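Have a look at the structure below, then the notes.
Any read-out appearing in this document is the output of simple, stated calculations on the displayed coordinates, not a laboratory observation. Since the model is a prediction, treat every value here as computed from it, not as a measurement.
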Amino acid sequence: MRPDWREISRDDVKGQWAALYITLNRKGNIVMSRVTYERLGAPKAFLLLYDQVNNRIGLKPTAPGIRNAYPASPSGSHGGKMVRAYRLVQEAGIVLPDTLQFHNPEIDQDGILILDLRTARISKRAASHSRNRAHPARDD
């Protein structure tokens, strides 16, 4: 029998860890993948910005000694980073039902990471977490 090989084309969708990946949880922790952090220039800190009219968050890379700089802390074991932004969530009145994942984050020409809250969705990882699943009633 002669093989009938057919080449399978590859689409332009990037793998989860190759694309910009960033989440915001109810505690105000903004967590980004190593790839996202490196594309921002691996800064030691960020200025937190909020655009109330367009309901967007901005993270502007900066030095740790700058006034209002929020440090980038390690997150996870694969080089991800976290920025503790609880004050932003409180002052902007952002209501978070659960951890949000930003599906279309972008880095603008000024190097600011833009996170659009209008298009963010509950993270699939958060939705499948055991604390969020309905538990059947137990007869104790």
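Between the amide H of Ala45 and those of Thr62, Ala72, distances stay under 5 Å, these residues lying 5 or more places away or on another chain, with hydrogens modeled in the peptide plane.
Relative to the current alpha-carbon distance between Tyr50 and Arg2, full extension at 0.36 nm per residue lengthens the span by 11.1 nm. The smallest convex shape that holds all Cα atoms of the range 72-111, its convex hull, gives 132 Å³ per residue.
Rounded to the nearest whole Hz, the Karplus-based 3J(HN,Hα) values (6.51 cos²θ - 1.76 cosθ + 1.60, θ = phi - 60°) of the range 20-32 follow the sequence 5, 10, 8, 10, 9, 9, 5, 7, x, 7, 9, 10, 10, with x at glycine and proline.
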